[in-house]
Amino acid sequence: MAAKGKVVGIISNLVVVEADGAIAQNEICFIHIGDERLMAEVIKVIGKNVYVQVYESTRGMKVGNTVEFAGHMLEVTLGPGILSKNYDGLQNDLDKMEGVFLKRGDYTFPLDKGKKWDFKPLAKAGDTVEAGSWLGEVDENFQPHKIMVPFVFEGTYTVKSVAEAGSYTIDDVMAVLTNSKGEDVQVTMTQKWPVKKAITIYKDKPRPFKLLETGVRTIDTINPIVEGGTGFIPGPFGTGKTVLQHGISKQAEADIVVIAACGERANEVVEIFTEFPELEDPHTGRKLMERTTIIANTSNMPVAAREASVYTAMTISEYYRNMGLRVLMMADSTSRWAQALREMSNRLEELPGPDAFPVDLPAIISNFYARAGYVNLNNGKPGSITFIGTVSPAGGNLKEPVTESTKKAARCFYALQQSRADGKRYPAINPIDSYSKYLEYPEFEEYISERINDQWLDKINEMKTLLQRGLEVSEQINILGDDGVSVDYHVRFWKSEVIDFVILQQDAFDEIDAVTPIDRQEYMVDKVMDLCHKDFSFESFAEVGPYFKRVINTLRQMNYSEFKSDRFYNYEKELQETLSEAVV
Amino acid sequence: MATKAFQKIFTKITQITKATVSLHAEDVGYGELATIQGQLAQVVKIIGNEVTLQVFGGTEGIPTNAEVVFLGGAPTLKVSDQLAGRFFNSFGKPIDGGPEIDGVEVEIGGPSVNPVRRKQPSELIATGIAGIDLNNTLVSGQKIPFFADPDQPFNQVMANVALRAKADKIILGGMGLTNDDYLYFKQVFDNAGALDRIISFVNTTENPPVERLLVPDMALTAAEYFAVEKNESVLVLLTDMTLYADALSIVSNRMDQIPSKDSMPGSLYSDLAKIYEKAVQLPDGGSITIIAVTTLSGGDITHAIPDNTGYITEGQLFLRSDSDVGKVIVDPFRSLSRLKQLVIGKKTRADHPQIMNAAIRLYADAANARTKMENGFDLSNYDERSLAFAKDYSSEILAIDVNVGTNEMLDETWKLLGKHFKKEEVGIREELVKEYWP
Ligand SMILES: Nc1ncnc2c1ncn2[C@@H]1O[C@H](COP(=O)(O)OP(=O)(O)OP(=O)(O)O)[C@@H](O)[C@H]1O
Ligand SMILES: [Mg+2]
């Protein structure tokens, strides 16, 4: 029997409760104010005093208000129907709520009770199964949604029966399993899981190595991320974190996309609500919304639920990963999550760490990133969660606790640079400071030489060297003046500008340029590197800039044209002609 | 904020700090208002029967036997059409000598709009100021601050914007306004014959600073009444949000909270977001647009107040004085309206996006030429021309005293390009150059 209690203290959304029984850390409880029930989570216990963080405003709460403990931690409900849904941070279905305003204590069921799903059995009577085993599948927005043995089941079971192919609701019994003691247990299409615990039901978690195509050139070509990889995007406000994340979630070659809008603007979520039902997945041609789930806990929604939102999103990601799918999870912005932790830690009067963040912030962040990864499931099939978070460093200064802790946890670093954003060089990822650790994995090298070619990585390294040199040369020109350096220096600088304008920069708002498939990236890299290998001759430095501006313009027109269309080839011809003017 | 029947009255104060008073009391709700010898205060902490109140006017002169009256609820505002044309203080009390408002009493700082019920903003707001309409177009439902040094005429610009925007209601939330600025707003609105569209909640420098913490919520509660109940388009002006944030830090300091960057409370982001996120395009046509002022110190936008603001708002309008032309301009580099994509070239002429970008690019060339000049290098003919262009562009387009329609801004920009550049130098699509080149 779960415990009961009474409110004895209130400091903003931190409430002290006196409980009459055993309480678990992170247990959920409900505080009654009149006929409202406010959800809260236990975050500390001292003697009889239980400290809970309330997921809502505590306005009007009084000492003596009654509290019911739920006997479990914060859980999500997993089952078919999650895709296309818009949830808040606690997995309430936002579309089911009535009225224009959110009502305190209004909790809605995340799935659709009455909806029928077409079921196909995958297991049969007599099979031995365990937590996570696939019993059958239903078609959820054209994804094979596996109905699994609930993750909380322990030990092995024998399948007694599985429902026949047909159409069922989420609460129908899909299978009966017999445990080692000979007792029968029923399995429906849904199960629950506590969000703060990782789902670790898989055989092993090898190092990830397969390129995850995002269609963003400065990622795929320069600093690629992999299926099951981790990355983060720090940047001052307005430098393009959200635009970049939205772009990746539209274009990436993933089966499922989970977006956690964590403490950011509501209008940005509205943009997704408006666009995703219309836009097509470039890989399948289906509507983007069909493969997407949005967890919206925007900045004006309760702060404690903001903290929960990233865990809710991660647990949903793990659920789909265990179906053998490639999941891409995005969180914008993980700094807001860290700030939610900071607010609570300050209220608890814990000893503060740097910038008043909790001392264990690095551990919390790295545990979270560790939930991503590429796994081999117990049935041998692969599944993955690729996770990319944004970071909003205070004052744009990367030497702050959230950026530094994240840098230790994530393998790809995409640093957005204020000056690039100011110069409208989007995406503003600094090509020199940013990195992808996956480039160092021999597994990746092997994979990429097969997927693209075996000279690819050398070419990319050379390209990075040219960018670096271009930067050095431009600094020298700034100091010595245009005519203080040889014409050769100008050519070197402009070659790096060609790489910047044609490969790095990409117009997220142009239908064609926004997404570049990997074969097209290969084609353009070859084109640009050929050009960089050529020798040019000019009378004076004054000719160099205008000439290369023409070259860049033509190459950009190629980027804006349908790949290998007549238009594309016309510009390519034009480029050939321009090159023949100055190449020696 | 009316008082209710069955008030609970206590007289045993156990602790007094600069900003707070604690006492033993029962049956008190979190966030409830109280008066202490007539001064308003709000419950900020309850532990057992010890209740701590934040006293808005400061605790000077409060004795331990002061009479504390609990009012039974959070701060409220009476809303009705009678609000129109009136001036109130931070507590929603009339300060214009007029009668009290009859209306429905609602708690201020109410719930958020469900994100799935919001509509995507799509209505352009024209201000006549080309630095805004051309380069940083505003959209109804947007939230955007002016970033300006304290000596810049941001209140004048904001008053102009408010009067020219075709809003059904304009709500002024004044925080730490000097009495002169308060009278300025009053006079400008009066002269424009717009008083019946205006509602003001004002905390002047003569009032205690902590009181201003109520101003944004008062203004936005009134805004929600007109936007939600009456489907009106409401423009909310909040000046100066830096002074609002300063008041937050005063309170948190006095309550011994651990400060984060720049002695601001760790919750600054959430506190500001709760205000700015009230900007909304509602499904039934009403909207709330927020234009705020965030004063900077020495142009430093990395300070916690502008920094957190930038992470919340949908862009910023940066005012700067341009000594070359002797005018205050809307800086085209550091300003940004993130929602402009939703309207430019769609609700405005098709050449808008291209001509806007081209002109800013050429203006940037001028900035490079200037650096060259300052470093003592020779200028090319192109450099000379771009500098001449920059001067014209600054005074004819970017200056805040410009007041023309959007088409005229576009035409004027074409004219300036034609005057200083060759067609092939402007990098605009062929078809557009054919149609508009002067
Ligand atoms: N790839 C891009 N192409 C064109 N414009 C871009 C691009 N990326 C960003 N922008 C411009 O920059 C603006 C800000 O971008 P975005 O909202 O992604 O910034 P952010 O880093 O998420 O900022 P914040 O931290 O405040 O949320 C956009 O509204 C858009 O005008
Ligand atoms: Mg963003």
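The values are calculated or read from the model by the stated rules, or taken from the named source; none is laboratory data. As the structure is a computational prediction, the values presented were derived from the model and not from experiment. All Cβ positions, glycine included, derive from the backbone under ideal geometry; neighbour counts span all protein chains shown.
Let me confirm something: among B:L243, B:L282, B:L235, which residue is crowded, with 19+ Cβ neighbours inside 10 Å, over 24 Å from B:F91 (Cβ atoms) and in contact (Cβ under 8 Å) with a residue 24 or more places away in the chain?
B:L282
Conditions first: (1) surrounded by fewer than 22 Cβ atoms within 10 Å (Cβ to Cβ); (2) closer than 23 Å to A:T315 by Cα; (3) within 16 Å of ligand 2 (Cβ to nearest atom). A:Y426 passes all but one, so which condition is the exception?
(2)
Count, please, the residues in segment A:252-265 that happen to be surrounded by fewer than 24 Cβ atoms within 10 Å (Cβ to Cβ) and either without any contact (Cβ under 8 Å) to a residue 12 or more places away in the chain or within 15 Å of ligand 1 (Cβ to nearest atom) (or both).
Residues meeting the conditions: 1.
Pick out the one residue from B:D262, B:D307, B:D365, B:D300 that is of a type in the set (D, E) and not assigned by TED's automatic domain parsing to the domain that holds B:L163.
One residue alone meets the criteria, B:D365.
Go over the candidates A:T128, A:T66 one by one and state the one that is surrounded by fewer than 20 Cβ atoms within 10 Å (Cβ to Cβ) and touching a residue at least 60 places away in the same chain (Cβ under 8 Å).
Of the residues listed, the single one that is surrounded by fewer than 20 Cβ atoms within 10 Å (Cβ to Cβ) and touching a residue at least 60 places away in the same chain (Cβ under 8 Å) is A:T66.
Under 30 Å from the mean Cα position of the chain (by Cα) and away from every other protein chain (no Cβ under 14 Å) - does that describe any residue in segment B:355-370?
Looking through segment B:355-370, at least one residue is under 30 Å from the mean Cα position of the chain (by Cα) and away from every other protein chain (no Cβ under 14 Å).
Could we say that B:T20 is within 14 Å of chain A (Cβ to nearest Cβ) and not acidic (D, E) here?
yes
Could you identify the single residue in A:T274, A:T284 that is surrounded by fewer than 23 Cβ atoms within 10 Å (Cβ to Cβ), closer than 25 Å to B:A279 by Cα and either among the charged types (D, E, K, R) or more than 16 Å from ligand 2 (Cβ to nearest atom) (or both)?
A:T274
Of the conditions (1) away from every other protein chain (no Cβ under 14 Å); (2) under 18 Å from the mean Cα position of the chain (by Cα), B:G310 fails just one. Which one is it?
Looking at each condition in turn, B:G310 falls short on (1).
Restricting to segment A:19-57, give me the number of residues that are under 24 Å from B:N49 (Cβ atoms) and loosely packed, with under 15 Cβ neighbours inside 10 Å.
Looking only at that region, the number is 6.
Only one residue in A:S384, A:S405, A:S366 is under 22 Å from the mean Cα position of the chain (by Cα), away from ligand 1 (no atom under 16 Å from the Cβ) and not in a helix (DSSP H, G or I), so which one is that?
A:S384
Within segment B:122-135, can you find the residues that are within 13 Å of chain A (Cβ to nearest Cβ) and crowded, with 24+ Cβ neighbours inside 10 Å?
B:N135
Among strands (runs of 3 or more DSSP E) lying entirely in segment A:5-60, which contain 1 or more residues that are among the aromatic types (F, W, Y)?
A:27-33, A:49-54
Quick test of your reading of the structure: A:Y560 fulfils all but one of (1) buried (at least 18 other Cβ atoms within 10 Å of the Cβ); (2) in contact with an Asp or Glu (Cβ under 8 Å, 6 or more places away or on another chain). Name the failing condition by number.
A:Y560 satisfies every listed condition except (1).
Please go through segment B:371-400 and pick out each residue that is within 14 Å of chain A (Cβ to nearest Cβ) and over 29 Å from B:P153 (Cβ atoms).
B:K372, B:M373, B:N375, B:G376, B:F377, B:D378, B:L379, B:S380, B:N381, B:Y382, B:D383
Does A:R306 fit the bill of being buried (at least 22 other Cβ atoms within 10 Å of the Cβ), within 14 Å of another protein chain (Cβ to nearest Cβ) and of a type in the set (D, E, K, R)?
yes
Identify, please: which residue in segment B:285-306 is touching a residue at least 12 places away in the same chain (Cβ under 8 Å) and at the interface with another protein chain (Cβ under 9 Å from one of its Cβ atoms) and is, among those, nearest to ligand 1 (Cβ to nearest atom)?
B:I301
Go through segment B:30-82 and count every residue that is more than 14 Å from chain A (Cβ to nearest Cβ) and part of a loop (DSSP other than H, G, I, E, B).
Total meeting the criteria: 15.
When you go through B:S122, B:S90, B:S80 one by one, which is the residue that is within 22 Å of the chain's Cα centre (by Cα), in contact (Cβ under 8 Å) with a residue 12 or more places away in the chain and farther than 21 Å from B:P208 by Cβ?
B:S122
So, in segment A:341-358, how many residues would count as being in a loop (DSSP other than H, G, I, E, B), closer than 15 Å to A:P401 by Cα and more than 25 Å from the chain's Cα centre (by Cα)?
So the answer is 1.
Testing A:V226 on (1) more than 16 Å from ligand 1 (Cβ to nearest atom); (2) touching a Ser or Thr at 6+ places or on another chain (Cβ under 9 Å); (3) within 30 Å of A:I28 (Cβ to Cβ), one condition comes back false. Which one is that?
The failed condition is (3).
Residue under question is B:Q156, and the condition is that it be more than 14 Å from every other protein chain (Cβ to nearest Cβ) and either assigned to a helix (DSSP H, G or I) or among the charged types (D, E, K, R) (or both); does it hold?
yes
If B:T348 passes every condition in (1) over 28 Å from A:R336 (Cβ atoms); (2) surrounded by 22 or more Cβ atoms within 10 Å (Cβ to Cβ) but one, which one does it miss?
(2)
Within the group B:P150, B:P99, which residue is more than 14 Å from chain A (Cβ to nearest Cβ), within 18 Å of the chain's Cα centre (by Cα), surrounded by fewer than 16 Cβ atoms within 10 Å (Cβ to Cβ) and assigned to a loop (DSSP other than H, G, I, E, B)?
After applying the criteria, what remains is B:P150.
Of the residues A:A340, A:A331, only one is within 13 Å of chain B (Cβ to nearest Cβ), under 18 Å from A:A308 (Cβ atoms) and among the small types (G, A, S); which?
When all the criteria are applied, what remains is A:A340.
Restricting to segment A:421-459, what's the tally of residues that are within 14 Å of ligand 1 (Cβ to nearest atom) and free of Cβ contacts under 8 Å to residues at least 60 places away in the same chain?
Final tally of qualifying residues: 4.
If you check every pair at least six apart or on different chains, which have Cβ atoms under 8 Å apart with a residue in segment A:267-294 that is facing chain B (nearest Cβ under 9 Å) first and a residue that is surrounded by fewer than 17 Cβ atoms within 10 Å (Cβ to Cβ) second?
Close Cβ pairs (under 8 Å, with a partner that is surrounded by fewer than 17 Cβ atoms within 10 Å (Cβ to Cβ)) amount to A:N267/B:Q120; A:V270/B:Q120; A:E271/B:Q120; A:T274/B:Q120.
List the helices (runs of 4 or more DSSP H) inside segment A:516-584, counting only whole elements, that have at least 1 residues being touching a Lys or Arg at 6+ places or on another chain (Cβ under 6 Å), touching a residue at least 12 places away in the same chain (Cβ under 8 Å) and not β-branched (V, I, T).
A:518-533
Collect the residues in segment A:377-423 that are within 16 Å of ligand 2 (Cβ to nearest atom), within 30 Å of A:T200 (Cβ to Cβ) and small (G, A, S), keeping them in residue-number order.
A:G389
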